[in-house]
Amino acid sequence: MARIISIVFDRNENPLRATIRTRLGMVKVRWLDVWGDRCWQTSGVLDAKKLAAPAVARIERMVEQR
């Protein structure tokens, strides 16, 4: 299970970066605007990134609902 520790938003209330804790380690997430599409990058151990993916999707769903 992954736990969202922090989320930082930009001035347009889009996620800019987040920190997610998994049982295998911390994962840092950064959102980018690439040619008009919002993409995200992660840093951390590969297995921790796999566990953090549902939390990233949860953040994106929260932003879409507003």
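The values are calculated or read from the model by the stated rules, or taken from the named source; none is laboratory data. No experiment lies behind these values; they were computed from the predicted model shown. Don't worry about glycine lacking a Cβ; one is built from the backbone with ideal geometry, like all the others, and counts go over all protein chains shown.
Observations
- Scanning region 1-17 for residues that are free of Cβ contacts under 8 Å to residues at least 12 places away in the same chain and either surrounded by 14 or more Cβ atoms within 10 Å (Cβ to Cβ) or assigned to a loop (DSSP other than H, G, I, E, B) (or both) yields a count of 3.
- Within region 26-42, considering residues that are more than 8 Å from the chain's Cα centre (by Cα) and under 15 Å from Ser6 (Cα atoms), the one surrounded by the most Cβ atoms within 10 Å (Cβ to Cβ): Val27
- Test: residue in region 30-39 that is at pLDDT 95 or above, touching a Phe, Trp or Tyr at 6+ places or on another chain (Cβ under 8 Å), assigned to a strand (DSSP E or B) and among the basic types (Lys, Arg): yes
- Residue match in region 18-25 (condition: under 16 Å from Val63 (Cα atoms) and exposed (fewer than 14 other Cβ atoms within 10 Å of the Cβ)): no
- For Val56, the criteria (1) surrounded by 13 or more Cβ atoms within 10 Å (Cβ to Cβ); (2) assigned to a loop (DSSP other than H, G, I, E, B) hold in every case but one, which is (2).
- Scope region 26-44; condition farther than 14 Å from Ala57 by Cβ and not basic (Lys, Arg); matching residues: Met26, Leu32, Asp33, Val34, Trp35, Gly36, Asp37, Gln41, Ser43, Gly44
- Scanning region 26-66 for residues that are among the acidic types (Asp, Glu) and in contact (Cβ under 8 Å) with a residue 40 or more places away in the chain yields a total of 1.
- Filter pass, Asp47 being closer than 14 Å to Val63 by Cβ and in contact with a Leu (Cβ under 6 Å, 6 or more places away or on another chain): no
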